[in-house]
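Encoded as C-alpha coordinates, the structure appears first; notes follow it.
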Amino acid sequence: MLERNNLNPAQIVDARKEPLAGEEAWQLLASAREIVVAKGKSAVAFDPSVDGKEAILAQALGRTGNLRAPTLRLGDRLLVGFNDSLYSQFSG
(Lines give C-alpha, C1' and ligand atoms only; values in the text may rest on other atoms or scores of the structure.)
Protein backbone atom coordinates (compact mmCIF):
# COMPACT_ATOMS: atom_id res chain seq x y z
CA MET A 1 0.00 0.00 0.00
CA LEU A 2 2.65 2.57 1.00
CA GLU A 3 5.17 1.44 -1.59
CA ARG A 4 2.55 1.39 -4.33
CA ASN A 5 1.84 5.07 -3.61
CA ASN A 6 5.52 6.06 -3.24
CA LEU A 7 5.10 6.82 0.47
CA ASN A 8 8.22 5.98 2.47
CA PRO A 9 7.63 6.36 6.22
CA ALA A 10 10.45 7.50 8.48
CA GLN A 11 8.84 5.66 11.39
CA ILE A 12 6.26 2.89 11.67
CA VAL A 13 4.38 2.27 14.92
CA ASP A 14 2.21 -0.82 15.38
CA ALA A 15 -1.15 0.57 16.53
CA ARG A 16 -2.04 -2.78 18.12
CA LYS A 17 0.99 -2.55 20.42
CA GLU A 18 1.03 1.22 20.95
CA PRO A 19 -2.54 2.52 20.56
CA LEU A 20 -3.31 6.22 20.91
CA ALA A 21 -6.54 7.20 22.62
CA GLY A 22 -8.11 10.18 24.33
CA GLU A 23 -5.83 13.10 25.07
CA GLU A 24 -2.78 11.43 23.46
CA ALA A 25 -4.70 11.02 20.20
CA TRP A 26 -5.92 14.61 20.40
CA GLN A 27 -2.39 15.96 20.95
CA LEU A 28 -1.24 14.25 17.76
CA LEU A 29 -4.27 15.44 15.80
CA ALA A 30 -4.07 19.00 17.12
CA SER A 31 -0.43 19.24 16.01
CA ALA A 32 -1.47 19.03 12.34
CA ARG A 33 -2.49 21.89 10.05
CA GLU A 34 -4.93 19.59 8.29
CA ILE A 35 -6.47 16.23 9.21
CA VAL A 36 -8.00 14.12 6.47
CA VAL A 37 -10.11 11.23 7.77
CA ALA A 38 -10.92 8.48 5.29
CA LYS A 39 -13.87 6.17 5.75
CA GLY A 40 -14.55 3.80 2.91
CA LYS A 41 -14.51 5.75 -0.35
CA SER A 42 -15.14 9.12 1.28
CA ALA A 43 -12.85 11.51 3.12
CA VAL A 44 -13.46 14.52 5.35
CA ALA A 45 -10.89 17.26 5.95
CA PHE A 46 -10.57 19.11 9.26
CA ASP A 47 -8.57 22.10 10.45
CA PRO A 48 -7.93 21.62 14.18
CA SER A 49 -7.55 25.37 14.70
CA VAL A 50 -11.13 25.88 13.45
CA ASP A 51 -13.03 22.59 13.75
CA GLY A 52 -14.07 21.33 17.16
CA LYS A 53 -12.15 18.73 19.09
CA GLU A 54 -15.22 16.54 19.58
CA ALA A 55 -16.15 16.58 15.88
CA ILE A 56 -12.62 15.60 14.86
CA LEU A 57 -12.31 12.87 17.49
CA ALA A 58 -15.73 11.46 16.52
CA GLN A 59 -14.36 10.82 13.01
CA ALA A 60 -10.73 9.97 13.83
CA LEU A 61 -11.28 7.47 16.65
CA GLY A 62 -12.51 3.95 16.02
CA ARG A 63 -15.06 1.90 17.97
CA THR A 64 -12.43 1.07 20.59
CA GLY A 65 -11.75 4.74 21.27
CA ASN A 66 -8.28 4.48 19.73
CA LEU A 67 -6.97 6.52 16.83
CA ARG A 68 -7.92 4.76 13.62
CA ALA A 69 -5.20 3.05 11.66
CA PRO A 70 -3.39 3.61 9.53
CA THR A 71 -2.50 7.16 10.42
CA LEU A 72 0.11 8.78 8.24
CA ARG A 73 1.85 12.12 8.80
CA LEU A 74 2.81 13.94 5.61
CA GLY A 75 4.49 17.17 6.68
CA ASP A 76 1.86 19.11 8.63
CA ARG A 77 -1.02 16.95 7.36
CA LEU A 78 -2.38 13.76 8.95
CA LEU A 79 -4.18 11.10 6.94
CA VAL A 80 -6.32 8.94 9.23
CA GLY A 81 -7.83 5.70 7.97
CA PHE A 82 -7.32 4.12 4.58
CA ASN A 83 -8.56 5.15 1.18
CA ASP A 84 -6.36 4.15 -1.77
CA SER A 85 -7.33 7.14 -3.94
CA LEU A 86 -6.65 9.50 -1.03
CA TYR A 87 -3.16 8.04 -0.57
CA SER A 88 -2.54 8.38 -4.31
CA GLN A 89 -3.63 12.01 -4.16
CA PHE A 90 -1.03 12.87 -1.50
CA SER A 91 1.83 10.68 -2.73
CA GLY A 92 4.85 11.90 -4.50
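The table below gives the values:
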quantity	calculated
Debye, to nearest 20: dipole size of the chain, +1 on Lys, Arg Cβ, -1 on Asp, Glu Cβ	280
Label-point separation in nm, residue 34 to residue 13, each point 7 Å along Cα→Cβ	2.3
Antiparallel DSSP beta bridges within the chain, percent to nearest 5	75
Approximate spin-label separation residue 27-residue 90, in nm, with each point projected 7 Å along Cα-to-Cβ	2.1
Carbon plus sulfur fraction of accessible area for the chain, probe 1.4 Å, in percent	49
The chain - accessible surface per residue (Å², probe 1.4 Å)	63
5 angstrom amide H check on residue 71, placed H, neighbours 5+ away	81
The chain: relative contact order as a whole-number percent, Cα under 8 Å and 6+ apart	34
Label-point gap, in nm, between residue 64 and residue 50 - each point 7 angstrom along Cα→Cβ	3.3
Estimated [θ] at 222 nm from DSSP helical runs (n ≥ 4, -39500 (n - 2.57)) normalised by residues in the chain, nearest 500	-7000 deg cm²/dmol
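The values are calculated or read from the model by the stated rules, or taken from the named source; none is laboratory data. A quick note: this is a predicted structure, and the numbers were derived from the prediction, not measured. Because the Cβ atoms are built from the backbone with ideal geometry, glycine has one as well, and the counts that use them run over all protein chains shown. Protein only, heavy atoms only, side chains kept; ligands, DNA and RNA dropped before computing areas. Shrake-Rupley method; radii C 1.70, N 1.55, O 1.52, S 1.80 Å.
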